[in-house]
Amino acid sequence: MTDFSETPAVPPMDPGGDERLGLQIAGAILIVLGFGVGAFLNLLVHFLAGSNGMVIGPWTVSTTLGPYGWALLLFGVATGAIGEAFLILARDARRGPTVLPGFPY
């Protein structure tokens, strides 16, 4: 007879995986979304609006940054900086085997 209260639902895993891979992927995504979309694309749209402005869907974009434009710019720079910090952490972390959860190695 097996006592199910003493048996874990998921077998324990060896914590020997490579955490650098996750940090590198997360850092790259944050840099692309932060610097790429939040900062670069935001400034590019405002630059291309010209003196008359332009309409993109429900939004009217002018050459000046309004409160939403500034908030997106600052959020993008902060997100990109966090992504850069993740890449620095990944560079300095110890190397381990790259494993996928649930696969024996």
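What follows draws every value from the coordinates through simple rules; no lab data is involved. All values derive from a computational prediction rather than experimental measurement. Every residue, glycine among them, receives a Cβ derived from its backbone with ideal geometry; neighbour counts consider all protein chains shown.
Worth a mention:
- Extension gain (nm, one decimal) between L89 and E6, 0.36 nm per residue minus Cα-Cα: 26.1 nm
- Relative contact order for region 19-92, counting Cα pairs under 8 Å that sit 6 or more residues apart, in percent: 53 percent
- Cα extents of region 19-92 along the three principal axes, largest first (Å): 49, 18, 17
- Between L48 and V32, the contour length at 0.36 nm per residue exceeds the Cα-Cα span by 3.7 nm.
- Measuring r between the beta carbons of I82 and F40 and using R0 = 22 Å, the FRET efficiency lands at 0.85.
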